[in-house]
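To start, the structure itself, in structure tokens.
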Amino acid sequence: MTRILVLQGPNLNRLGSREPARYGRKTLEEIHGEILRMGEREGFSPVFFQSNHEGALVDRIHQAGDEGISGIVANLGAYTHTSIAIRDAILAVGLPVVEVHLSNVYSREPFRSRSLIADIAAGVIGGLGPVVYRLGILGLLDCLEQRKQDPAPH
Ligand code: DQA
């Protein structure tokens, strides 16, 4: 079965109580529950990982490259805007990544409009709340299907 890594960056373990007006009231566990149920319906297996540490996220991306993960849906939180190391890890493993954000980063402080991941991502989805994870997975599954049919480099 297709295995998808759902990668969660810093401060996302606080969802539910963290700035609820911006990020909503759902906890990370509840969001992961929705993804698990989607996986049962759609026939993929999600693997979840959250860390507040840049190096741990880099290590998890490397591991994904070695363990037969098909692609990654990633909310890298603030590291989206700063981490060359995470960008390089994604390039090193060569797995397709969809970047997601709960909030609309373009309507916030200017520094959030810069992503070090977006230009190497298969796609970017943001601003719609927790549904971004499920939309990101749908997009990733479609992208994997297209690659199967047309294995030329994308
Ligand atoms: C975020 C947006 C980031 O700018 C911020 O640092 C986060 C959450 C989002 O999901 O909207 O931690 O990635």
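Remark: spin-label model distance A152-L91 equals 2.4 nm, labels positioned 7 Å along the Cα→Cβ axis.
Computed from point charges on the beta carbon alone (+1 for Lys and Arg, -1 for Asp and Glu), the dipole magnitude for the stretch 2-149 about its Cα centre is near 400 Debye.
Ranking request for peptides 68-74, 82-88: highest mean number of other beta-carbon atoms within 10 Å first, then the rest in descending order.
The peptides rank, most packed first, as 68-74, 82-88.
Calculated from DSSP H runs of 4 or more alone, at -39500 (n - 2.57) each and per residue, what is the 222 nm mean residue ellipticity of the chain, nearest 500? All intermediate terms of the calculation are to be shown ahead of the outcome.
Values: 5 runs with 61 residues, N = 154.
Roughly -12500 deg cm²/dmol at 222 nm, from the helical runs in the chain.
For a protection proxy built on the mean count of beta-carbon atoms within 10 angstrom, sort 35-44, 113-122 highest first, please.
113-122, 35-44
Per-residue surface analysis assigns E30 an accessible area of about 100 Å², computed on protein heavy atoms at 1.4 Å probe radius.
Under 1.5 on a/c is rounded, so check that first for the stretch 1-104, then, if it is not, pick prolate when a/b is larger than b/c and oblate when it is not; a ≥ b ≥ c are the square roots of the alpha carbon gyration tensor eigenvalues. Could you put the intermediate results ahead of the total?
Values: a/c = 2.12, a/b = 1.13, b/c = 1.88.
Oblate.
Between the listed residues T27, I90, A56, the Cα displaced farthest toward the positive end of the dipole of the stretch 15-103, a dipole computed from Cβ unit charges relative to the Cα centre, is found at T27.
Enter the Cα centre distance for the pair the stretch 20-72 and the stretch 76-129, rounded to the nearest angstrom. If you average the Cα positions of each part, the centres end up 15 Å apart.
Peptide packing for 98-109, 45-56 was compared via the average number of neighbouring C-beta atoms within 10 Å per residue; ordered from the highest value, the list is 98-109, 45-56.
The values are calculated or read from the model by the stated rules, or taken from the named source; none is laboratory data. All of these numbers come straight from a predicted model, not from anything done at the bench. Quick reminder, even Gly has a Cβ in these numbers, built from the backbone with ideal geometry, and neighbours come from all protein chains shown. Accessible surface is based on the protein model in full, side chains and every heavy atom, while ligands, DNA and RNA are left aside. Shrake-Rupley method; radii C 1.70, N 1.55, O 1.52, S 1.80 Å.
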